[in-house]
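*Asks:* Below you will find the structure I want to go over with you.
The values are calculated or read from the model by the stated rules, or taken from the named source; none is laboratory data. These figures come from a predicted structure and were not determined experimentally. For neighbour counting, all protein chains shown are included, and Cβ atoms are generated from backbone atoms with ideal geometry for every residue, glycine included.
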Amino acid sequence: MDKRTRVHLFISGRVHGVFFRESTRIKAQQLGINGWVKNLNDGRVEAVFEGEDEKIKKIIKWARQGPIISRVDDIEIKEEKYENKFKNFEIRY
């Protein structure tokens with residue numbers, strides 16, 4: 001069985017108003033990753049991803065650039081204990 005991973009990301013840059021959350025949801029669904037993404041009041045995007053280790057690596061790589069009209073300046077990544085807490089991937093408000 002593949003190793004399961006959970007990561008918590010805080011993404012900064014031009015990530016609001018550029019379809020970052022929707023693009024993240026689509027990419028996560030394509031990869032079969034569960035979790036959530038939301039905008040923060042300080043201009044960052046926060047996301048939690050749970051899934052197979054290799055798929056998590058792929059979405060982190062994608063998140064370093066984001067959708068074409070975004071600009072990612074920094075990503076803070078925290079590895080957390082895998083919880084199998086989510087059944088899908090959603091945008092939170």
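*Asks:* I'd like the residue in segment 22-56 that is surrounded by fewer than 20 Cβ atoms within 10 Å (Cβ to Cβ) and of a type in the set (S, T, N, Q) and, out of all such residues, is nearest to Tyr82 (Cα to Cα).
*Replies:* Taking the candidates together, the pick is Asn34.
*Asks:* Yes or no: Asp73 exposed (fewer than 13 other Cβ atoms within 10 Å of the Cβ) and part of a strand (DSSP E or B)? Before you say what the answer is, go through the steps one by one.
*Replies:* Numbers: exposed (fewer than 13 other Cβ atoms within 10 Å of the Cβ): yes; part of a strand (DSSP E or B): yes.
Yes, satisfied.
*Asks:* On the phi < 0 side of the Ramachandran plot and touching a residue at least 60 places away in the same chain (Cβ under 8 Å), is that true of Glu76? Step through it out loud before you land on a result.
*Replies:* Values: on the phi < 0 side of the Ramachandran plot: yes; touching a residue at least 60 places away in the same chain (Cβ under 8 Å): yes.
In short, yes.
*Asks:* Which one of the conditions (1) of a type outside the set (Asp, Glu); (2) part of a helix (DSSP H, G or I); (3) surrounded by 11 or more Cβ atoms within 10 Å (Cβ to Cβ) does Lys61 fail to meet, given that it meets all the rest?
*Replies:* Going through (1) of a type outside the set (Asp, Glu); (2) part of a helix (DSSP H, G or I); (3) surrounded by 11 or more Cβ atoms within 10 Å (Cβ to Cβ) one by one, Lys61 breaks only (3).
*Asks:* In segment 56-86, how many are of a type in the set (Lys, Arg) and closer than 19 Å to Ser23 by Cα?
*Replies:* The first filter runs over segment 56-86 and keeps only residues of a type in the set (Lys, Arg), leaving 57-58, 61, 64, 71, 78, 81, 85.
Now drop any that are not closer than 19 Å to Ser23 by Cα, which leaves 57-58, 61, 64, 71.
The total comes to 5.
*Asks:* So Gly66 ticks every box in (1) at negative phi; (2) surrounded by 19 or more Cβ atoms within 10 Å (Cβ to Cβ) but one. Which box is left unticked?
*Replies:* Among (1) at negative phi; (2) surrounded by 19 or more Cβ atoms within 10 Å (Cβ to Cβ), the lone unmet condition for Gly66 is (1).
*Asks:* Go over the candidates Ala47, Ala28 one by one and state the one that is aliphatic (A, V, I, L, M), touching a Leu at 6+ places or on another chain (Cβ under 6 Å) and either modelled with pLDDT of 95 or more or in a strand (DSSP E or B) (or both). Reasoning before the result, please.
*Replies:* On the way: Ala28 fails: touching a Leu at 6+ places or on another chain (Cβ under 6 Å).
Of the residues listed, the single one that is aliphatic (A, V, I, L, M), touching a Leu at 6+ places or on another chain (Cβ under 6 Å) and either modelled with pLDDT of 95 or more or in a strand (DSSP E or B) (or both) is Ala47.
*Asks:* Then there's this: Mind checking whether some residue in segment 4-21 is part of a helix (DSSP H, G or I) and crowded, with 20+ Cβ neighbours inside 10 Å?
*Replies:* Taking segment 4-21 and keeping what is part of a helix (DSSP H, G or I), we get 20-21.
Filter again for crowded, with 20+ Cβ neighbours inside 10 Å, leaving 20-21.
Among the residues of segment 4-21, at least one is part of a helix (DSSP H, G or I) and crowded, with 20+ Cβ neighbours inside 10 Å, which makes the answer yes.
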